[in-house]
Protein chains: 2
Amino acid sequence: MKANVYVTLKEEVLDPQGEAVRRALDSLGFAGVKKVRVGKLIEIDLDGSTSKDAETKLRAMCEKLLANPIVEDFDFELEAS
Amino acid sequence: MKANVYVTLKEEVLDPQGEAVRRALDSLGFAGVKKVRVGKLIEIDLDGSTSKDAETKLRAMCEKLLANPIVEDFDFELEAS
């Protein structure tokens, strides 16, 4: 079973990397880019389990390792393999 | 208009960061994690344009700045704001 985990900075946390990308896009001539935020996409390949089990496991993985709950939010999506 | 850009390492490129995450999950007791790949999720807020325009722009942004076409693939998704 495959899962995509999305880890993003919380809305209220500054994102200098995103701001740098926004400026770079601007200086490359891409007008109208109002905001850029850079997060992580973590693709995980899990050994067969039910989707309910997988969800519980993924939530625990995010809370314990993949995301920093102080400054980051997470979300995930399962795809049948 | 909001867009999510997904930048991932090409399948044939080694991902030491992903492998480190896999091992860390394993040593935290999460069994059955076969593979982990770490990529980027870039959230972009674009000034109003049609979705066709936005797609053309996003593709160009990915090709010129957001992804390194030698080792990375990209994909994006538009959401109406």
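Structure summary
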| quantity | calculated |
| --- | --- |
| Residue that is most open to solvent (accessible area, probe 1.4 Å), among those in the range B:22-32 that are assigned to a helix (DSSP H, G or I) and facing chain A (nearest Cβ under 7 Å) | B:A24 |
| Only one of A:D15, A:D75 that is out of contact with any Pro (no Cβ under 6 Å at 6 or more places or on another chain), within 21 Å of B:V7 (Cβ to Cβ), more than 7 Å from every other protein chain (Cβ to nearest Cβ) and open to solvent by 70 Å² or more (accessible area, probe 1.4 Å) | A:D75 |
| Hits in the range A:43-67 - residues which are charged (D, E, K, R) and over 14 Å from A:L78 (Cα atoms) | A:E63, A:K64 |
| Residue in the range B:8-21 that is out of contact with any Cys (no Cβ under 8 Å at 6 or more places or on another chain) and at positive phi present | no |
| Matching residues in the range A:49-64 - criterion: being surrounded by fewer than 15 Cβ atoms within 10 Å (Cβ to Cβ) and within 8 Å of chain B (Cβ to nearest Cβ) | A:S49, A:K64 |
| Hey, A:L9 open to solvent by less than 30 Å² (accessible area, probe 1.4 Å) and under 18 Å from B:Y6 (Cβ atoms) or not | no |
| Qualifying positions in the range A:15-30 - closer than 15 Å to B:E63 by Cα and among the aliphatic types (A, V, I, L, M) | A:V21, A:A24, A:L25, A:L28 |
| Among (1) touching a residue at least 60 places away in the same chain (Cβ under 8 Å); (2) of a type outside the set (F, W, Y); (3) in a helix (DSSP H, G or I), the one test that A:E19 misses | (1) |
| Count of the range A:20-56 residues which are of a type outside the set (A, V, I, L, M, F, W, C) and within 17 Å of the chain's Cα centre (by Cα) | 7 |
| Of all residues in the range B:38-57 being out of contact with any Ser or Thr (no Cβ under 6 Å at 6 or more places or on another chain) and in a strand (DSSP E or B), the one that is farthest from A:A54 (Cα to Cα) | B:L46 |
| Considering residues of the range A:46-81 that are small (G, A, S) and at pLDDT below 95 only, the residue nearest to B:L25 (Cα to Cα) | A:A54 |
| Which numbered condition B:A3 misses (of (1) open to solvent by 50 Å² or more (accessible area, probe 1.4 Å); (2) within 13 Å of the chain's Cα centre (by Cα)) | (1) |
| Of the criteria (1) of a type outside the set (V, I, T); (2) surrounded by 15 or more Cβ atoms within 10 Å (Cβ to Cβ); (3) assigned to a strand (DSSP E or B); (4) at pLDDT 95 or above, which one B:K35 fails | (2) |
| Test: B:K2 is touching a residue at least 60 places away in the same chain (Cβ under 8 Å), farther than 30 Å from A:D53 by Cα and within 10 Å of chain A (Cβ to nearest Cβ) | yes |
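The values are calculated or read from the model by the stated rules, or taken from the named source; none is laboratory data. Owing to the predicted nature of the structure, the values given are computational and were not obtained by experimental measurement. For neighbour counting, all protein chains shown are included, and Cβ atoms are generated from backbone atoms with ideal geometry for every residue, glycine included. What goes into the accessible areas is simple: the full protein's heavy atoms, side chains included, and nothing from ligands, DNA or RNA. Shrake-Rupley method; radii C 1.70, N 1.55, O 1.52, S 1.80 Å.
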